[in-house]
């Protein structure tokens, strides 16, 4: 029989308590009424926020594919960044004033965790640092009252799978070592081909049937909680539906690595809509004891990053 | 009748502003990248002999995937913090825009069949590529500018498609300037080879760490410079797809192709003011003075 105080609540388990994939284009924030799909995405952010809060996170870890870095990975560490943001493409949709609550202490722990796994990383804490549109949109819609402190990490333009997986593992190290309950928010589109001309938002659609079919296949996997299976498909997804702006489609590698590299999740697709031709989806993953078993994976597992091997990219 | 009086390849590594310690930039340096900074000084000296009204710059760091955009607000003053090198570049800018010329350029590009847009949001933050190239070319900021975005068709389609669009934009630029009453300086704000190192020295201006990323890129840089110096600009455009891919070049922005087109494929010698590497990338500062402007 335990002699502990029966009124004392059991401390919640640390770890990655919830995961979210959200698009970073500004329409759901700035002009949800311009198209039915934008409104559904806006509403999906709200539904996702409710689920996220139900898992009682004490940290939002945001990985934004719209924040590129070159010197390793950068981590936002300004405790209260404040600015009026304007998107470089959709500037006519309006300005986005923001003030966020960043967990400066965890940002430094995260940098140390990346360093311990052989990665180059640094914190950035400068007034006026240009936080990317995707991070701004995600935090404004998912955490409008800053009730949960956040940390944002960049995406290195040259990093491929090994480096990205190790970044995800390092983030997991920091979450567990800090005893944190983290919700991981990955900002990025599925297919990323925009229409290259202006469109009526009411007529927005996925750029091509092929993009749409692949997006739906990804969402079928994620809806079943098959995150690692999706991550294993990343190279093929990149070949099939990604405009090659960076070396590879790496958001799923990061997401799976930080969430534990398995398929044991309850997946929920809150919405899937077009954003100027790209595939925008709001998807939630809650860890569970069951789910789809691990498949026979093709990709190697990597624990430590051993640096740039001078492979041209 | 308006005229293009000077054109320049004017790369924008923020390191060059950092190392020059202008009062607008918060971080300070001991030294660094002198061969390029002195090259920019030679460019500025050359420009001091030429009368002009406006600088028009095409920057890879204003990336627009839908159309080509033009700054369309008369004045911008704010803080520019480099998203990649915030430790080096936190620059307070105060610049004026030649909005009438921007509108003429935008209209001409639209007439040429390109997708265009004027940028009218006063809260917009001017990209650091525009700021760095303009600062190094004209540190007094006593001339208005027009900034043109980089339409990323190289990523979306191919370098060939990008070049078709940039050649058209260059012709439209020349036509619009000719139809105006402006004497204009054009800046292609881009590096040549563009593979960076992914780590940085503790002292960023430690020049014992600075060199080209690899020999292959140096060879490409020298080949391009030699072709530009000897007036083989059509050949440069023909070679651009290979160069862009193999040297991971920032020419994917279209800036150099646009400049060559606007200058009507100059066959005269480009003046080379300086070449140097910045965190492994290859950068040349070069200028063209059109014959009719001499």
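Which ones in segment B:186-224 are under 30 Å from residue B:101 (Cβ atoms) and either assigned to a helix (DSSP H, G or I) or out of contact with any helix residue (DSSP H, G or I) (no Cβ under 7 Å at 6 or more places or on another chain) (or both)? Give the derivation first.
So in segment B:186-224, the residues under 30 Å from residue B:101 (Cβ atoms) come out as B:186-192, B:194, B:224.
Result: B:224, single match.
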Only one of A:119, A:93, A:141, A:110 that is touching a helix residue (DSSP H, G or I) at 6+ places or on another chain (Cβ under 8 Å), within 13 Å of chain B (Cβ to nearest Cβ) and farther than 29 Å from residue B:93 by Cα
A:119
Would you be able to say whether some residue in segment B:127-138 is at the interface with chain A (Cβ under 10 Å from one of its Cβ atoms), part of a loop (DSSP other than H, G, I, E, B) and modelled with pLDDT of 95 or more?
yes
Go through segment A:30-55 and report how many residues are assigned to a helix (DSSP H, G or I), in contact with a strand residue (DSSP E or B) (Cβ under 8 Å, 6 or more places away or on another chain) and over 10 Å from residue A:201 (Cβ atoms).
10
When you check residue A:71 against the structure, is it within 14 Å of chain B (Cβ to nearest Cβ), in contact (Cβ under 8 Å) with a residue 24 or more places away in the chain, out of contact with any helix residue (DSSP H, G or I) (no Cβ under 9 Å at 6 or more places or on another chain) and within 30 Å of residue A:115 (Cα to Cα), yes or no?
yes
So, in segment A:49-68, exactly how many residues are more than 14 Å from every other protein chain (Cβ to nearest Cβ) and either over 13 Å from the mean Cα position of the chain (by Cα) or more than 22 Å from residue A:271 (Cα to Cα) (or both)?
11
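Find the residue count for segment B:165-195, including only residues that are within 13 Å of chain A (Cβ to nearest Cβ) and either under 25 Å from residue B:66 (Cα atoms) or surrounded by fewer than 19 Cβ atoms within 10 Å (Cβ to Cβ) (or both).
Applying the first criterion (within 13 Å of chain A (Cβ to nearest Cβ)) to segment B:165-195 yields B:165, B:191, B:193-195.
So of that shortlist, the ones also either under 25 Å from residue B:66 (Cα atoms) or surrounded by fewer than 19 Cβ atoms within 10 Å (Cβ to Cβ) (or both) come out as B:165, B:191, B:194.
Of the residues in that region, 3 qualify.
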Test: residue A:219 is away from chain B (no Cβ under 14 Å) and crowded, with 17+ Cβ neighbours inside 10 Å:
yes
Kindly evaluate residue A:214 against the criterion of being crowded, with 23+ Cβ neighbours inside 10 Å, in contact (Cβ under 8 Å) with a residue 24 or more places away in the chain and part of a helix (DSSP H, G or I).
no
What are the residue pairs meeting all of these: first residue in segment B:78-93, first residue more than 9 Å from chain A (Cβ to nearest Cβ), second residue assigned to a strand (DSSP E or B), Cβ atoms under 6 Å, and 6 or more apart or on different chains?
B:91/B:25; B:91/B:80; B:92/B:79; B:93/B:80
Just need a number here: residues in segment A:269-301 that are modelled with pLDDT of 95 or more and within 21 Å of residue A:65 (Cβ to Cβ).
17
Residue B:49 more than 14 Å from every other protein chain (Cβ to nearest Cβ) and touching a helix residue (DSSP H, G or I) at 6+ places or on another chain (Cβ under 8 Å):
no
Which numbered condition trips up residue A:234, out of (1) farther than 26 Å from residue A:38 by Cβ; (2) at pLDDT below 90?
(2)
Of these, A:135, A:147, A:64, which one is part of a strand (DSSP E or B) and modelled with pLDDT of 95 or more?
A:64
Complete set of residues in segment B:107-124 that are within 14 Å of chain A (Cβ to nearest Cβ) and either closer than 24 Å to residue B:165 by Cα or surrounded by 22 or more Cβ atoms within 10 Å (Cβ to Cβ) (or both)
B:109, B:110, B:113, B:114, B:115, B:116, B:117, B:118, B:119, B:120, B:124
Out of the residues in segment B:145-164 that are out of contact with any helix residue (DSSP H, G or I) (no Cβ under 8 Å at 6 or more places or on another chain) and at pLDDT 95 or above, which is nearest to the other protein chains (Cβ to nearest Cβ)?
B:149
Among the numbered criteria (1) assigned to a loop (DSSP other than H, G, I, E, B); (2) buried (at least 21 other Cβ atoms within 10 Å of the Cβ); (3) within 14 Å of chain B (Cβ to nearest Cβ), which one does residue A:126 miss?
(2)
State whether one or more residues within segment A:178-190 are away from chain B (no Cβ under 14 Å), more than 18 Å from the chain's Cα centre (by Cα) and either buried (at least 24 other Cβ atoms within 10 Å of the Cβ) or at pLDDT 95 or above (or both).
yes
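The values are calculated or read from the model by the stated rules, or taken from the named source; none is laboratory data. These numbers were taken from a predicted model, which means no experiment stands behind them. Virtual Cβ from ideal backbone geometry, glycine too; neighbours counted across all protein chains shown.
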